Amino acid sequence: MMNASQGLHQFIRAYYHHKSADWQDNQPVKLTSWDAEIMAQMPTYYIMNKNDTMPETVAPHMPSENQIKDCHWLTNEELNVYVSEYNRNTFQGGLQWYRCSVEGVNQKAMSLFAGCRITVPSLFLSGKKDWGIYQTPGAIECMRDQVCTSMKDIVLIDNAGHWVQQEQSQAVIDTLSDFLGTI
């Protein structure tokens, strides 16, 4: 990803756009199983074409100049900060969760929490157009009904995808303030 043919700035712009509510084809649905036919509904940034890299996957979804100009949640100045930090640190930190989950690195440590409940007041907050919340069938319901004993709310923010805190920052602040006012 660091050596994307379109350059790091353009790659990150396309990647962030592709996972946002700004991408018009971003229409998540709750998956009913992990069957191949069902999983094929997910965007290519989750289920990539066999021989494509991530930069190749997102390149066709690069927003237009007008879309970039209208993007209130990720200005070029802000994007330059991301580019600078990724140039400094690469993507390794952000990819560690995936590496650990696939390779089972933390399996023993995490087994200590098997069967435990979260007993403090809880809130789940996400963008309504974030595929991440829909891809594991029954996960939200399990969290609400079994894991969190004091789940106050599940809030899906309109007009937000994966980057909810950037895409709809005021709605996130309002939701968190409302939640904190209940505890």
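The values are calculated or read from the model by the stated rules, or taken from the named source; none is laboratory data. Note that the coordinates shown come from a computational prediction; the quantities given were computed from them, not determined experimentally. Here the Cβ positions follow ideal geometry from the backbone for every residue, glycine too, while neighbour counts run over all protein chains shown.
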Using the structure shown, decide if Ile133 is assigned by TED's automatic domain parsing to the domain that holds Gln168 and touching a Cys at 6+ places or on another chain (Cβ under 8 Å). no
State all residues of region 57-67 that are surrounded by 14 or more Cβ atoms within 10 Å (Cβ to Cβ) and either over 14 Å from Ala14 (Cβ atoms) or within 20 Å of the chain's Cα centre (by Cα) (or both); if no residue qualifies, say none. Thr57, Val58, Ala59, His61, Met62, Pro63
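Yes/no matrix, rows are residues, columns are (1) outside the structural domain of Gly161 (by TED's automatic domain parsing); (2) buried (at least 17 other Cβ atoms within 10 Å of the Cβ); (3) farther than 30 Å from Glu141 by Cα; (4) touching a residue at least 24 places away in the same chain (Cβ under 8 Å):
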position: Trp34; (1), (2), (3), (4): yes, no, no, yes
position: Ile38; (1), (2), (3), (4): yes, no, no, no
position: Met48; (1), (2), (3), (4): yes, no, no, no
position: Pro55; (1), (2), (3), (4): yes, yes, yes, yes
position: Lys69; (1), (2), (3), (4): yes, no, yes, no
Looking only at region 9-27, count every residue that is crowded, with 18+ Cβ neighbours inside 10 Å, modelled with pLDDT of 95 or more and either in the same structural domain as Ser126 (by TED's automatic domain parsing) or of a type outside the set (Gly, Ala, Ser) (or both) and tell me the total. 10
Out of Glu37, Glu56, which single residue is in a helix (DSSP H, G or I) and at pLDDT 95 or above? Glu56
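Go over the candidates Tyr98, Tyr82, Tyr134 one by one and state the one that is under 24 Å from Gln166 (Cα atoms) and loosely packed, with under 12 Cβ neighbours inside 10 Å. Spell out how you get there, then give the answer.
Working: Tyr82 fails: loosely packed, with under 12 Cβ neighbours inside 10 Å; Tyr134 fails: loosely packed, with under 12 Cβ neighbours inside 10 Å.
Answer to the selection: Tyr98.
With respect to Trp73, determine if the residue is within 16 Å of His162 (Cα to Cα), in contact (Cβ under 8 Å) with a residue 60 or more places away in the chain and not assigned by TED's automatic domain parsing to the domain that holds Lys129. Lay out the reasoning, then the answer.
Details: within 16 Å of His162 (Cα to Cα): yes; in contact (Cβ under 8 Å) with a residue 60 or more places away in the chain: yes; not assigned by TED's automatic domain parsing to the domain that holds Lys129: yes.
Judged against the criteria, Trp73 is a match.
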For residues in region 131-163 being assigned to a loop (DSSP other than H, G, I, E, B) and touching a Pro at 6+ places or on another chain (Cβ under 7 Å), which is modelled with the lowest pLDDT? Tyr134
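Being among the small types (Gly, Ala, Ser) and under 22 Å from Trp73 (Cα atoms) is the filter; apply it to region 18-56 and report the residue that is farthest from the chain's Cα centre (by Cα).
Step by step, filter region 18-56, then rank; the result is Ala21.
Rundown of residues vs (1) assigned by TED's automatic domain parsing to the domain that holds Ile154; (2) in contact (Cβ under 8 Å) with a residue 40 or more places away in the chain, yes/no style:
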{"residue": "Gln41", "(1), (2)": "no, no"}
{"residue": "Val58", "(1), (2)": "no, yes"}
{"residue": "Glu65", "(1), (2)": "no, no"}
{"residue": "Leu125", "(1), (2)": "yes, yes"}
{"residue": "Cys142", "(1), (2)": "yes, no"}
Output the residues belonging to region 59-101 that are of a type in the set (S, T, N, Q) and not in a loop (DSSP other than H, G, I, E, B). Asn66, Gln67, Asn76, Asn80, Ser84, Asn87, Asn89, Gln92, Gln96, Ser101
